[in-house]
1. Restrict the check to region 6-17 and report whether at least one residue is out of contact with any Gly (no Cβ under 8 Å at 6 or more places or on another chain) and crowded, with 17+ Cβ neighbours inside 10 Å.
2. Given region 126-181, what strands (runs of 3 or more DSSP E) lie entirely inside it while holding 2 or more residues that are among the hydroxyl-bearing types (Ser, Thr, Tyr)?
3. Is region 103-113 home to any residue that is closer than 19 Å to Gly191 by Cα and not hydroxyl-bearing (Ser, Thr, Tyr)?
4. Specify the residue that is modelled with the lowest pLDDT; the eligible residues are those in region 1-55 that are outside any helix (DSSP H, G or I) and among the hydrophobic types (A, V, I, L, M, F, W, C).
5. Cβ-Cβ under 7 Å, sequence separation 6+ or interchain: first residue in region 179-190 and touching a residue at least 12 places away in the same chain (Cβ under 8 Å) and under 19 Å from Trp33 (Cβ atoms), partner among the β-branched types (Val, Ile, Thr) and crowded, with 16+ Cβ neighbours inside 10 Å. Which pairs?
6. Restrict the check to region 123-133 and report whether at least one residue is among the small types (Gly, Ala, Ser) and in contact (Cβ under 8 Å) with a residue 24 or more places away in the chain.
7. When you look at Leu141, is it over 24 Å from Asp85 (Cβ atoms), in contact (Cβ under 8 Å) with a residue 12 or more places away in the chain and in contact with a Gly (Cβ under 6 Å, 6 or more places away or on another chain), yes or no?
8. Within region 71-97, take every residue that is over 17 Å from Lys29 (Cβ atoms) and of a type in the set (Gly, Ala, Ser) and give me the one that is surrounded by the fewest Cβ atoms within 10 Å (Cβ to Cβ).
Amino acid sequence: MRFIIFTTTLLAFVWSCYWFIMSNEYSNKLLLWTDISSADVSGNFTRIRGFPNRFDTTITDLEIKQASFAPIKIDRLDVMRLSYDSSHYIFAAKTINNVFENNFTFSKGLVSAVSNDGVLPTINFQGENIFINKKLIFDELSFKISPTTNLSKLGFSLIAKTADIKEGKTELSFQGQIQLNSHFNVKSLVGFVSNINTLKKISGKLSIKDTDGLDTLIQRDPTDWKIYLKSKTPEQIPSLIRDLDIIVHN
C-alpha cells in the first residue's frame, strides 16, 4: 500500500513539474506566434491555466492591423490546447470585427486547427446564431479548410442552415477551392490574417437543399467582393441569399 501511495505521489509530482515547465514553453511560443505588443498586434494575455491536462489562456482587446482594411478586433479570444498534444489548438470567440469590413457575432464560435505532420493545419469552424452586421444570417454554420500540395490553393467545404424567417430555414452546402495570390501563411498571427489580403477567389458548387449544385464564384471586383451564381432557376435561391447586395446572377 505504501508503495502504491509513493508511486502515485511521485507520478503526480513529476507530471506537475512537466506541466509547469511546458506551460512556460507554451506561453513563450504563443507570445512569439501572436507577436503581441508589436507594431501590428496589440492585446492582453491572461496567465496559463488548465492544469493538469490543458494549456488555456485568454487574449483580450486583441487588435491586428491589416494592409487594406481597418484592424481586425476581437474583444476576447480563448486559446486552448491539450498538454499532451501540441498538434491541436482550439480558438473560441463571440465577436470578430472588420473582416472584409464586416462585423461577425456568434452565440458559439469555435475554430479547430490540427497540424498535418508539421506542414499546414486543417482548419474547422463551427458557429451558431451567426449575425453579420447585426443581422441574423445563419442558425448554424460549419466549414473546413484543408491544405493541398499547392500552398496557394486550399480545399474548402461548407454546411449551413440559414435563418430566413419568411421562407423558413434552408440548408446549404458547398464544395470547392480557395485560391490565393501567394502561399498560405500560418507562421504568425499577422501572417495568418494577411491571407485575407491574398485571397484571389473561391469557386465550386453551392447546393441548396436537394437541388442540383449551382456553379459559384466569389471574387473581388475593382471596388468590392461579388458572389456569382449560375442558375437556370434563380427563383429557387432563398431570398436571404438572392437579395444580398454582393450577389450577381448569371
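1. Checked against the condition, which is being out of contact with any Gly (no Cβ under 8 Å at 6 or more places or on another chain) and crowded, with 17+ Cβ neighbours inside 10 Å, region 6-17 yields no hits at all.
2. 135-147, 153-162
3. yes
4. Met1
5. Between residues of region 179-190 that are touching a residue at least 12 places away in the same chain (Cβ under 8 Å) and under 19 Å from Trp33 (Cβ atoms) and residues that are among the β-branched types (Val, Ile, Thr) and crowded, with 16+ Cβ neighbours inside 10 Å, the close pairs are Leu189/Thr34; Leu189/Val41; Leu189/Ile64; Val190/Val41; Val190/Ile64.
6. No - not one qualifying residue is present in region 123-133.
7. It is true that Leu141 is over 24 Å from Asp85 (Cβ atoms), in contact (Cβ under 8 Å) with a residue 12 or more places away in the chain and in contact with a Gly (Cβ under 6 Å, 6 or more places away or on another chain).
8. Going through the qualifying residues, I end up with Ala92.
The values are calculated or read from the model by the stated rules, or taken from the named source; none is laboratory data. Just so it is clear, the model here is predicted, and its values are computed rather than measured. All Cβ positions, even for glycine, are placed from backbone atoms using ideal geometry, and neighbour counts span all protein chains on display.
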